[in-house]
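Here is the structure we will look at.
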């Protein structure tokens, strides 16, 4: 059994019963699953995975591609927890986000 299938089998009891990974039948040291149950479970897992991907706010798609926004606004539009997510990602993945076009002085430090 592949490590991925082994993980799916291991967490099967955490899944809703109607989408649960099927029980295995072991024959001569090889694991077998009911094909229809396996396909249904796999399809559900893939849909679950897609639904957990961060989705940008609809306002983002209404902006002109040349519109410049602050890092705070960008984080909000991308549904990130804050601008530090963008800063951290830019540092680890140069070129992924566009380069800043400038800086604005913020409020004085307290």
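Here, each number is a calculation from the coordinates, and none is a lab measurement. Computed from a predicted model, the values in this text were never measured in an experiment. All Cβ positions, glycine included, derive from the backbone under ideal geometry; neighbour counts span all protein chains shown.
Considering Cα pairs under 8 angstrom that are at least six residues apart, work out the relative contact order of the chain and quote it in whole percent. Before the final figure, lay out each step's value.
Numbers: 60 pairs, mean separation 14.4, N = 110.
Relative contact order here is 13 percent.
Between residue 12 and residue 93, how high is the FRET efficiency from 1/(1 + (r/R0)^6) when r is the Cβ-Cβ distance and R₀ = 22 Å? Nearest 0.05.
Values: r = 35 Å, r/R0 = 1.57.
It comes out at approximately 0.05.
In nm, to one decimal, how far is the modelled label at residue 85 from the one at residue 25, with both set 7 Å along Cα→Cβ?
Spacing of the two 7 Å Cα→Cβ label points: 4.6 nm.
Once the mean 1/r over all distinct Cα pairs of the chain is inverted, what Kirkwood radius in angstroms do you read off? Could the numbers behind the result be given before it?
Working: mean 1/r = 0.0547 Å⁻¹.
Every distinct Cα pair counted, the radius reaches 18.3 Å.
Let me test this: with uniform point scatterers at the alpha carbons of the stretch 16-77, what is the Debye-based log₁₀ I(q)/I(0) at q = 0.14, 0.19, 0.28 1/Å?
Summing over Cα pairs of the stretch 16-77 leads to -0.61, -0.78, -1.12.
Once every DSSP H run of n ≥ 4 in the chain is given -39500 (n - 2.57) and the sum is divided by its residues, what mean residue ellipticity at 222 nm do you get, rounded to the nearest 500 deg cm²/dmol? List each step's numbers first, then the result.
Values: 5 runs with 47 residues, N = 110.
Taken over the chain, the calculation gives -12500 deg cm²/dmol.
Give the average over all directions of the projected area of the C-alpha convex hull of the stretch 3-51, one decimal, in nm².
Numbers: hull surface 14.1 nm².
Its Cα hull, projected and averaged over all orientations, spans 3.5 nm².
What angle do you read, to the nearest 10 degrees and between 0 and 90, between the alpha-carbon axis of helix 83-92 and the longest principal axis of the chain?
70 degrees
Computed over the Cα atoms of the stretch 61-110, what is the ratio Rg over Rh, Rh following Kirkwood? Don't jump to the answer; show the numbers that get you there.
Details: Rg = 12.0 Å, Rh = 12.3 Å.
Over the Cα atoms of the stretch 61-110, Rg/Rh equals 0.98.
Separation between the residue 32 and residue 48 pseudo-spin-labels, each 7 Å from Cα along Cα→Cβ, expressed in nm?
2.6 nm
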